[in-house]
Each structure stands twice: as C-alpha cells, then as structure tokens.
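What follows draws every value from the coordinates through simple rules; no lab data is involved. These figures come from a predicted structure and were not determined experimentally. So basically every Cβ, Gly included, is an ideal-geometry build from the backbone, and we count neighbours across all protein chains shown.
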Amino acid sequence: MPLNNEQTSSGGTSTQFDVNELVRALLEQNRLREQQMDAILSKLMENKSEVPVTTTMLPTIMQTIPKFNGESGDTDVASEWLNALNTASVLNKWPDECTLEAGRSQLEGAAKQWYLSHMDQLDTVSKFTAAFKAMFTSRESVTETWKKMSERVQQRDETVFAYFHEKVRMCRRLQLNAAETKKMICIGLHSREMSTALLSNGHVDEAELLTDIRTYMEVEANRSERFSSVVTHKKRNISSGSVRKVSDTSRKDDDDVSTKVNTLRREKEGPRCYNCQLYGHIARDCTQPQKPMHCKKCDKSGHTIKYCKANIPEVNVVCTQTKGQVMCYIKEVRINEHDKPIKGLIDTGSAYSILRKSIAVRYGLHVEPKRVSMLVYGNTQSVESCGETWATISIDQVSEKIPLIVVDDRMQNYDVIIGRTFTECNEVTFIKTNEQLLFAYGMRFPYHDDDIPPRDPQVYDARIIQSIEKLPANSAKLVEVLAGDQQMEVMIINDSIKEVELQHGAKVGTIRVNNKTPQISDDDVVEQITAEKVNMGPMLTETEICALLELLNSYRMCFAFNLKELGCTDVIQMDIVDTGQPVVGRPYRASATERETISRIVKEWKDVGIVTETNSPYASPVLLVTKKDGDARLVVDYRKLNSQTVRKVFPTPNLDDHLESLYGAKLFTTLDLASGYLQVPLTETAKEKTAFVTPSESGQFERMVFGLINAPYEFSRLMQRIMSPLRDKVAMWYLDDILIPSTTSDDMFKRLKQVLEVLKEAKLTLKLSKCYFAYPEVAYLGYMLSADGVRPGEQKVQAIQQYPRPRNKHEVRRFFGLCGFFRRFIPRYSDIARPISELLKDKVPYMWTTLQEVAFQTMRVKLVSRPVLQLYNPTAHTEVHCDASSDGLSGMLLQRNGDGDNQLHLVHAVSKKTTPEERNYHSSKLELMAVVWSLNKLRHYLIGIKFLIITDCQAIVHLNTQKTVNPQVERVNSTLVPVMQSAMGSDRTWDRHISDVECHLNNAYNKTIGDTPFHVLFGYYPSFRDGVLHHVTKVDEWDSTAEIQSKIRERITKEHQMWKQRYDSRHVKPMQYSIGEVVFIRKPPDATGESTKLQFKYRGPLVITDVLPNDTYRVSALRTEAGKRYATVVHVSHIKGYHLPDNEEPFDGNKDNEQEDVPTAVNEEVEQTESVKIHSKRERKAPVWHASYKM
C-alpha cells in the first residue's frame, strides 16, 4: 500500500525517498492507528451492558476419563475405560498413586464396590490392570462377536459417520476383508437409497467407502436445501387467504435468508474468498497460490463448467418427494420377454417412453431414424432423439408393445423412462401405495366410500392478558393470551435489536380453530391381494391370473398378513393333562439385546391376545432360537411340563400315501398355514400350565404353542377333522402343509376353492408368502414334486454336497440321518453304505480307510445327481427286481409309462444289510429271502395289482421241481413261483457284457490283497466314463508295481496262514485206512418209485486195494455183482470201516454171506462221528472169511 501520492513515481524511473519524510509518515500512521483502537475500545465500553458475557471453562484432565460402573457386562466398555485411564496416565506422566486415584474417582456402582474390597491388594497400576481385566473383561467368542456385529445397525437418530466407524471397528475385530466389511455396513444402513448407491460402486478399502458416504451426504444436503421450497401438492380444500398467507411466509423466509447472509458477512468482517476460504477479501485479491480450476461437470482440471467441452443440454430433475418415495417408481422392466431385466423410471407425466441407445443396441432393437424434440423441466434447450423403435415392455404382470424414443446415454440416468404410452394402454391399471407402485390388468382398488364433514374454521383474536409484556431484543417468550373464551400460551419472537413492550389487550395475532377430521384407522382398511404378493406359476395366462386374484380376494379372510389377522379355530381345543404338580423354572440369562427382543415379541403377542397376564403357579423359561431367514424366534422350554404330561396318540399322514396319489398331476399348489399352532385355542385349565417367565415379565398362552408334547397330535386331529372329506380326492396334507395336485388350471381352481372353503369354515388362515399356486414343480416335505416324478429337494442336496468327511461315530450317524431320508432313490443303498455303517458297531474302532471314503463319495455323487423317481401308477406294468449278496438285500419297484415308452423307470428302491447269520446262507436262499423281504417292504404298492418279480437266480424258479427241499423254502416258493421270472432266461445278449464283467472284476477291490488286480499289475487306477469313480488319477506318477506286489505277497501269506489255522481248528482229522482193510461205502438211494426210508445206506463189504492222494482210496468188491457198475475210487468221507463184533461166530465158508451182517442205515453225520470215535478206541478186526480172500 503506498504511503502517499507524492512518494510514488511512474514511467519506469526509480523513486527516491527522503529518510526524514519516511520517519514522519510512520509516526503519523502509528498515531492514527492508536486513535482507531481508542475509538473501538470506547465503543465496546459503551455496549458492554448489551453484550452478554460468556464464561468458558477448559475441561479438566479427569473429564477425559468416563465413569464406569461395571454393571452392563460389556467387555468393550470395560476395555475402552481402561485404555482411557492408561492414555491419560501416559500423556500426563502420572505416577502410580495418581493413576490409581484417578481410576478410583471415576469408578461407581458395582465397580467401585469391587475396588474398595480389593484396595489393599491393588497398590500398583499393573496389579490394578490385571485384576480389572480378570473381573470385567473376558475373551468374547467369535460367535458372540459376529452376533453383535450383525445386530449393530444405524439407529434412527444416529449419524452415518458414528455408525460407520463403530461398525468398521467391529468388523476388524472379526478380521473381515474390505468386501465383507462393506457388505455388513450397507446391511445396517438406515437409508435404503444410500445402501443401493454404495453397493453399485467398487471400493478397495474403508477410506473409499467413507469418501462416497460423505459425498452422498453432501449431495443430499445440497439437494434438500435447494429444493426445500418445492412441496408436494396434496388434494386439500384451502382458501385463497391461506394461499396468500403461505406466499407471504415464503417471501418472508427468503428475506430472512438474505438478512442472515448479510449479517454473517458483517460478523466475519468482509466477503469470503473462494480460493483460501477466508473472510476479508475476494479471490481476485488473494495472496495465496491460485487453486487449479476444476470442472464439476466432467470432473477434470484446467477449466470450469462454462468452458467445458462436454456441455450438452441438461435434464434437470426436481424431486418433490423423499428418497424412499422415489424408489417405488423405479421398477424392473423386461424388454421382449428377456430374462435379464433393466431398471426403469415410471413417469406418468411423460408423453413418451424414452430408451437409452446402449440398451437398444444390447437387445438388438431395430431403430428407425426419427427426430423428436423434447422439452424438459428446468432447461430451455430441447433434447433431440436418435430414433424410434418398437418393443414389448413387461412390468409386473403387464406386457404391452409400445413405441420407444431412443436418446443418447448422457440424456438420462435410467435405462428407460416409462411414460404415458405405456400407462394409458387399454386395460392397464396401476395403483400407488405407501411404498409400492403396482401394475395389473383390471385391478380392483381397495377403497370404500366414507363421509368427511367440511371444515368449519373459527377465527379468534389473540390479545395480551397482562398489563405489560416486555420482549427483549432478539428473544422469544411464552406469553399468555386470550382467544375468545379460551386462555392459552403462545410463543412470540422479537427478532429486532430493540426491546418491545406489549400493552394489555394488544392484538398479537389470530388463532384459527378447525373441526377435527375423523381419522380412518389402518385396521379398517383391508389390504387386498395383488399379483405382486402371489407366487403363481408361469403357465397361467392373463385371464387365469385375474381369476386367481379374484378367487383369493373373495377368500381374503383365509389369509393373514400380520398377527392381528391370525385365525383361531373353534373346531377343537387343546387340553393338557398332567400330574398336577406345578412346574417352576428360573428364567435363563440373556444379554441386553436378547432381553429387548424377548420383550418386543411378548409385547406383540400380548397386543393381539395370544399371550395374557398370569397368576399361574407354573413357570417355564424361554429362550431365543434363530430361524432360517435369520430372524429370532421365541420358544418356551416345556421339557419339565412334557415329562409329566399324559401323552396322546393320533396318526400322522404317511408321505408314501401322498406319492401314490400324485400320478397324472401336472400342476401343484402348496398352502402353508400362518403360525398353525397359534390358531388352536387352549382350554382354561391348560392355559395356566403354559405360563412362562422371562427376565423381565411373565405371561400365559391363550393358544397352542410350539414345544408342547401333544401339539403335533392335536394339530393332526384338527386337520383330519376338517380335511377328511377332501383327503386323496382334492388335497393332501402333513401338519400345516397342504398339497393340491391338479391336471389343468380349471381343476386347480376347483380344488383350491374347496380347500379355501374348508379353511374358512374352520377359521384358519394361511401365510400368502409361503403359498405357491399352479407351479409345474414345487417343494414339499423335502422333495421336489413334478409331473416327471419325485427328486430330492435342493436344500437337502446342497447340505449333503457340503457335508464334511465324518470324524467320529456321532458325525457318521448324522450323515446317515441326512442321506437315509433319500434311500428310496438309491438302489443297493445298504450295500453301498455298509463300509461306513460297520464303523457304528460297539467293538469296532473308528478308522476311516479307502473303503469308507469310496462309499462316502459314492453316496454323495448319487444324491447330488438328484435322481428322479417316477410317480406310482397302479394301472401301469409293474416289476419288482430283486438281488442279494452276502453283504445285503435289495429290491426295486419299476414301472413303464405306457405312453409308447417301454423303458422301465424306478418308483421305489429298498435295501438292507444281512445279519451275521444271514451271511452264511446259501446263494439261492439269499436270493429267495431278497424276494420275500422286498415284497414285504413294497406291499402297499403291490396289493391288488398284477406284477412280475425279476431275479437273476434261475434256481429259484425251478425250486418246485425238486422232490426234497427245505420246508421253509417250499412254503415260500409255492406262493411266489407264479409271479417269478429269471432275468437270465430272457436275455440272449449276455455274451456282449463279458468284457464289461471282466473289466469290473479286474478293477474291483479285493479284500485279501487290499487292492484291485489292475493296480497291482500296472501301478495306477484307471478312470471310467460309466459308473462311479472309485479312484481318479490326479498326477502322472505311477506306483511301483514291484513294491505293491511285494506287499501283496506278504498279505497273501498272512491270509493263507490265517485260513489254514482256522481250517485246522475246525477240521477233524480224517480216518486213515490201509490196504486190505474191509470197509463199507455210502450208497445213493435206488429210484423205485416208493419210499427209500428202508433201503440200505451203505454198500459192502469192500476191500481197500490202493491208497490214493487227497484222502481217497480204491476199493474192490469181495464178489462180483452181475449187471451193476459201481465207483471204485471214493473219498474217506464216504467210507465207514468194518469191525468184527465181540459175539461173532466163526465163519462158515459153506454158508452164504447173509445181508444181516451188513450194518443198517443210520444218520450220515452222526454215524460218521460215532464211527471215528469207535475206531479210534479199539483195534479193528477183520472177519473170519477175510482170511480166505486172496489179494
């Protein structure tokens, strides 16, 4: 700043200063500055009485440490308090005494009592810290930490930033990555729009996510300030005076804003610089470095919006609604029935439906050149189109072919804007509710007429009651006024800088009193059923959809959307009969969040009358369990009550009976009752026995509740009573799940109406969100039902696929419980699962080997492939295929469709393991037992129909041709032979399968060698394209065949020794004979046509002429028998030695050898044993006539 004009020269010449003049100027400037300061001080002294004095006190260091009582039990609170104490101690360099005193002064309640009781022991900070952590902190489990983190959501009055930082801290404790942290933060956000906006962007870390949140909040704040004057015009009857008053108020508000801005500028002593953000100068005169120019339109540096090259006509959107209300106008739009929808904005004020150019290219739409100029709100420039196309637009249940104007992608933020070309199509109706915009054909509006009286406003003058009312400058005060005959208080604001006095009777304004308009309760308005709320099959036409909605709305009382609409039947009442001894239990401990949830649920039940207050001597504790969708469910622990309750028995429906009645059905409808148990009332004596106690209150149930031991039987009795006329003819049910099979849509409507009529009479209600109408495939009781058959449900299959390898017997039982539910789908299930089931034996140690792994993977592969069982048809050709082995029995029920398909389809498969005794049966007997057992298991399918039994044992078919058979086999065979057929007899192509049999035998596991022959020979396991993969080669390395064969030789040697030892221990040493001994040999009976009981069982005497290997002998007759030929080589087991009786007479050579000298027939096994005993104790003697025999 120049000192004076004379000291400045121009024209490029240098300026000379006189030293004396310079000193004089500086002194003069200092004098003027002192005068200005004196003037300012004098002015401040004069206004001292008007300016309020504010005293500011710095917080003490102790205020940095919060109070701690230790009563919440929260580990985080205790840790944060201890960290605050340690931080203050370190920053201020406190000694231990000061730190302990600071901590003691900030303790209160239970924590203070703890410190006083241990004060003598806590003489150092380290001891205090260790004792404090041991008492008030504990290592929280990951489950509890996750639960707290997932339950942490943004509160209604909480800022986004406070919620963000606390949620990030909780996620980092769980060591979640950035993507999972972002997901959990978005789940807990209160604003759905903010969550949607954040999920659409990619963020690397929490810092980028927080930056987007801050940007979103700034944009929302600016938009709210910008459009605060834009209001939604509601349908009201207002007077012109009211309109004029509103305009005056708006003008006054604008003046107030301008006044506040000017006042702010005066307080900050000058304008604001937009370069350095300081007051007192403007950006042109700023001495700070110039900030680079930044364009907010293209987000680039070097220019401003005015000179941006991307300047295009803007579409200014003025939003007159909140963010939540706007979301309902954003709908999923399908173009030309495409599977992938796009986001569209419903604009009922737009004359055109506008589509972005990129969307038209994506769907391959033909765009014809057409120029359309469109004017938009907030911009005087028009928007030019790129062309026009036609497409079928589908929104909700409405599909219409309409013209679409194609514009550049930069013209609009949404993929498509749906205008009046769609909304005004014939028969297209839409309705706007609080949070939904619904489209349908011929929609019925859920409104009814009601009379609202007109307003009758009464205006009164408000006058001061007191003699004098003084209003200080810039103040607000409650003043008593009189309006008509009513005395009231109103607030009067004095925004001037002078004090105002109001005299008695002064008019300060007018008061308008309106008649209160009667309010219509939401409970009086019945929520209608729309297409958006109904789960309906894709095969229904538009006409059928309208008919279905009309049917459901006509039985609207059969659906409950909340607890208030829940039905209560009057068909039965449940009673509880026990010993009469009251059951009392203490409430289970719960966290603060759980207690809040329990109280909320109990309050909801009490509000609708499901639970009432109680004075009962019974009290059972409650606990929270988690549902499949993650919500909390309150259950009562009635185990003590159930233990002394008299049980009732009532049959529950059988799933097999349901499946038998589904043949021919093409459409399936499933209905699910809404909280079915809570729709059954209790008797007065039973109500007090259901009393429960929570940590804060108690109550008793008025309805039947989950957990009571007789609840399933009572509910089955209710369903049997009301649904028995429709059983197997119209519908079938299992507890609260109802299944309605049908062949056509008309049949479905007819059956559905009958079921709804029954439920209406019984006063039962359904849960619409769990009902599925006219689907070609539905989930029912863990199965997927369709016209093609039955297959395992997706959730069950996924659980089997993800089930880990069992580590103990308990997990094996769990795996069998999961897979056993679908054993009907797997032929030879028990044979496949036998290696795993062997581990469940008591004396068998748990050892998971290759056998178990192969069985485990085989079972999973077979179920994950989701095999389909054909629905049972009693009129179709039926066959029962049976097979047996020493490991188990199996049977399959197969049928042909009869529609030109000769293929046999599986209907049901059964199997079982053989017992240790059954493993020793002969193969024929095992096969016969498989047939009998399969017929018993499939008896309910086979009674009353003709069927064929197929077996691979030809001997069973010819059992009736044998004269002497087992009586048990004979009795069974006489019954089964008419329906039995051998599979071996009808197939003439068996030779084609020899190579397959050979391949499978070579790759089958051998128990003796502990491996497969193929692996032993070649050193690797081959992979097959058919069948189950027992082994899969993952690497190219082969095992050494020499090592494998060496190990197998050892196994074979050990196995041979084991079997030899077992044989020797059980085998009786055979009798030994020498040459020349006389013996008898076993003789087969002669076929004479008569009984063979009296025929001789042995032939002889014979003489041993030679001893052969393997316990065989050559014999020769003493005399030749003409016309007969006999075997001369016999085994020792068919020989019986001859010995001379003690009382034998001398041999008379003249007498013929009489037949009575030959032993009579005896039992084969007993006589052989007795013969061995006799021959081993005494010496054998040859008969007298043996001496005359010449060798």
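A few comments on the model shown:
- Stretching the chain fully between residue 1069 and residue 409 yields a gain of 227.5 nm (0.36 nm per residue, less the alpha carbon separation).
- Label-to-label distance, nm, for residues given as residue 743 and residue 897 (7 Å Cα→Cβ offset): 1.7 nm
- J(HN,Hα) series, the range 664-680, from Karplus relation 6.51 cos²θ - 1.76 cosθ + 1.60, nearest Hz, glycine and proline x: x, 6, 10, 10, 10, 10, 10, 10, 10, 5, 7, 6, x, 4, 6, 9, 10
- Virtual spin-label span in nm between residue 470 and residue 1095, 7 Å along Cα→Cβ: 14.6 nm
- Ranked by how many other Cβ atoms sit within 10 Å of their own Cβ, fewest first, the residues 465, 709 fall in the order 465, 709.
- Couplings 3J(HN,Hα) of the range 1130-1139, computed from phi: 9, 7, 5, 5, 9, 10, 10, x, 10, 9 Hz, in residue order, whole Hz [Karplus 6.51 cos²θ - 1.76 cosθ + 1.60, θ = phi - 60°; x for Gly and Pro].
- Cut-off 17 Å, label 7 Å out along Cα→Cβ of residue 1083, residues of the range 1125-1139 by amide N: 1125-1130, 1134-1139
- Pairwise FRET efficiency - residue 640 versus residue 599, Cβ, R0 = 25 Å, nearest 0.05: 0.60
- You can think of it this way: the chain between residue 649 and residue 1129 has 165.6 nm of extra reach, that is 0.36 nm per residue less the Cα-Cα gap.
- Rounded to 0.05, the FRET efficiency of the residue 753 and residue 219 pair, given R0 = 51 Å and the Cβ-Cβ distance, is 0.45.
- FRET efficiency, residue 1055 to residue 917 (Cβ-Cβ, R0 22 Å, nearest 0.05): 0.35
- Restricting the range 796-877 to trypsin sites (Lys or Arg not before Pro) that sit in a DSSP loop and have at most 14 other Cβ atoms within 10 Å of their own Cβ leaves 807, 841, 843.
- Phi angles of the range 473-488 translate, via the Karplus equation with coefficients 6.51, -1.76, 1.60 and θ = phi - 60°, into HN-Hα couplings of 5, 6, 9, 10, 8, 7, 10, 7, 10, 10, 10, x, 10, 10, 9, 8 Hz per residue; Gly and Pro are given as x.
- Out-of-range pairs (alpha-carbon distance over 32 Å; input 147/640; 564/689; 533/687): 533/687
- Considering only the range 323-441, percent of DSSP beta bridges that pair antiparallel, nearest 5: 80 percent
- Compared with the alpha-carbon gap, the fully stretched path from residue 72 to residue 1139 is longer by 373.9 nm at 0.36 nm per residue.
- Taking label positions 7 Å along the Cα-Cβ direction at both residue 127 and residue 1020, the computed distance is 7.3 nm, reported to one decimal.
- Relative exposure of 917, 144, judged by other C-beta atoms within 10 Å (fewest first): 917, 144
- Footprinting exposure proxy for 407, 142, 693, 490 (fewest neighbouring C-beta atoms within 10 Å first): 142, 490, 693, 407
- Residues in the range 190-214 that a label on residue 299 would reach, taking backbone N under 15 Å of a point 7 Å out along Cα→Cβ: 197-204, 208-214
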